[in-house]
Amino acid sequence: MQRNVEKFGISDKRGRKRTSTDHYATDSGLKEPAACQTCKAIYRNKRWQLDAEDADQIRRHSETHWVNCPACQKVSERYPEGVLTLRGDYLWSHEEEINNILANEAQNAMAKNPLQRIIQTFRDGDSLVIETTEQKLAEHLGRTLNRAHRGDLQIDWSETPRACRVSWERWQ
């Protein structure tokens, strides 16, 4: 007797809807080999990578397609998908240490996924605002900062436009 059992996680993707709403990512992928003109990341096996060994070979290859990766497009157009806002007296008395923590975490995230980057950091009144190319990076930076320095962390995932707003504050 054979039962009709639904299997999840199998490679058959019929009937599933697209979960990514990133307008900068291509649906069909890019022709390989490809490299980013700006950051020199390489596109291989349908994903962007930072691989120093293979990167030089791919960049010298005559059939390499030179494009701008989605992260470089977001940086050039200043299109943040994540915004981390830091507030409080504690921030300014520990500014250097907090900036070092966030820079190290952003560097580690970019090593794993070159599309996760900080677009810009700026001061807005008494707040420090950090804009990121990916929603998850803003959330990750906020959670890391909260683990290190304890404060009031709030994470807001809005749907339109899809973005992650993270705020952290500590006054003492």
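I'd like the Karplus ³J(HN,Hα) series for segment 40-55: coefficients 6.51, -1.76, 1.60, θ = phi - 60°, whole numbers in Hz, and an x wherever there's a Gly or Pro.
6, 5, 10, 9, 9, 6, 6, 8, 7, 9, 10, 10, 4, 5, 7, 4
Taking amide hydrogens as modeled 1.01 Å from N in the peptide plane, which residues meet the under 5 Å criterion relative to residue 134, leaving out close sequence neighbours?
81, 82, 117
Please sort 91-97, 162-168 by packing, taking for each peptide the average over its residues of neighbouring beta carbons within 10 angstrom, highest first.
Working: 91-97: 13.1, 162-168: 19.9.
Highest mean packing first, the order is 162-168, 91-97.
Roughly what would the spin-label model give for residue 136 and residue 65, points 7 Å off Cα along C-beta, in nm?
For residue 136 paired with residue 65, the spin-label model returns 2.4 nm.
Could you give the distance between the Cα centres of segment 140-172 and segment 67-81, to the whole Å?
Segment 140-172 and segment 67-81 have Cα centres spaced 22 Å from each other.
May I ask you to list the residues of segment 73-97 whose amide nitrogen lies under 18 Å from a point 7 Å from Cα along the Cα→beta-carbon direction of residue 152?
84-93
Taking θ as phi - 60°, what are the ³J(HN,Hα) couplings along segment 139-156 by the Karplus curve (6.51, -1.76, 1.60), each to the nearest whole Hz, with x for Gly and Pro?
Result, rounded to whole Hz: 5, 4, 4, x, 5, 5, 4, 5, 5, 7, 10, 6, x, 9, 9, 10, 10, 10.
Could you derive backbone 3J(HN,Hα) for segment 122-130 from the dihedral phi with the Karplus parameters 6.51, -1.76 and 1.60 (θ = phi - 60°), listing whole Hz in sequence and x where the residue is Gly or Pro?
8, 9, 10, x, 9, 10, 10, 10, 10
Which listed residue (127, 114, 92) has the Cα farthest towards the positive end of the charge dipole for segment 92-172, taking +1 on Lys and Arg C-beta and -1 on Asp and Glu C-beta about the Cα centre?
Sorting the options by dipole projection puts first 114.
What net charge is computed for the residues neighbouring residue 45, neighbours being all others with C-beta under 14 Å from the C-beta of residue 45, Lys and Arg scored +1, Asp and Glu -1? Walk me through the intermediate numbers first.
Numbers: positive: 31, 44, 46, 47; negative: 32, 51, 54.
Taking every Cβ under 14 Å from that of residue 45, the sum is +1.
All of the numbers you see were taken from the coordinates with simple rules; none came from a lab. Quick caveat: nothing in here was measured; it's all calculated off a predicted structure. Neighbour counts run over all protein chains shown; Cβ positions are idealised from the backbone, glycine included.
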